[in-house]
Amino acid sequence: MKTALKTITILFIIGVVIYLLFFLTPAGLFTREMFNITGQFNTEHGEGVKIAEGMSIDLSKVELHHLKVAEYCGDGDCKDGCTIGYFYMSDDYTEENAMKELGLGERDGTYFFKPKYSGSAEYIVVGSQNYANGKIVEYRITGVA
């Protein structure tokens with residue numbers, strides 16, 4: 001009986017150590033927040049910045065502006081990048097309020113849902129870049145409608 005208890009205790013301790021080591025390694029750091037942080041450092045060369053610079057609008061004087069609307073493309077007839085959208089928001093906005101005001105849905109956990117789709121298509125924020133007096137946020141449509 002003592003041997004069984006020792007074995008169970010040792011296995012439990014090994015399991016806890018492995019669990020802690022996993023979350024202290026880079027493999028444990030690949031979360032949605034980590035990818036968002038990575039996107040924020042790409043402030044000069046992102047596609048959203050290129051789109052913003054090609055527009056004739058001074059975004060530093062705008063609070064919220066949709067730069068590129070993402071489109072649901074259906075069954076494989078999607079052109080490159082059509083499911084990717086960008087919007088600019090000033091520092092006064094939160095992503096949640098901006099997406100709600102732009103008609104992209106309300107937050108539900110880590111996802112945003114677009115109300116006009118009846119299926120499981122979702123708008124998901126994948127990153128942001130500092131720009132002017134705010135940031136440019138990239139979102140994508142995933143799932144099916």
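The values are calculated or read from the model by the stated rules, or taken from the named source; none is laboratory data. Just so you know, these numbers come straight off a predicted model, no measurement behind them. Please note: Cβ atoms are built from the backbone with ideal geometry, for glycine as well, and neighbour counts cover all protein chains shown. Side chains are part of the model used for accessible areas, which takes the heavy atoms of the whole protein and leaves out ligands, DNA and RNA. Shrake-Rupley method; radii C 1.70, N 1.55, O 1.52, S 1.80 Å.
Listed by first and then second residue, the pairs with beta-carbon distance under 7 Å, at least 6 apart or on different chains, first residue in region 116-131 and of a type in the set (Gly, Ala, Ser), second modelled with pLDDT of 85 or more and open to solvent by 50 Å² or more (accessible area, probe 1.4 Å), form an empty list.
The residue of region 113-144 that is modelled with the lowest pLDDT, among those that are closer than 30 Å to residue 58 by Cβ and aromatic (Phe, Trp, Tyr), is 123. Filtered by the rule that a residue be assigned to a loop (DSSP other than H, G, I, E, B), modelled with pLDDT of 85 or more and either open to solvent by 50 Å² or more (accessible area, probe 1.4 Å) or of a type in the set (Val, Ile, Thr) (or both), region 87-112 gives 91, 92, 94.
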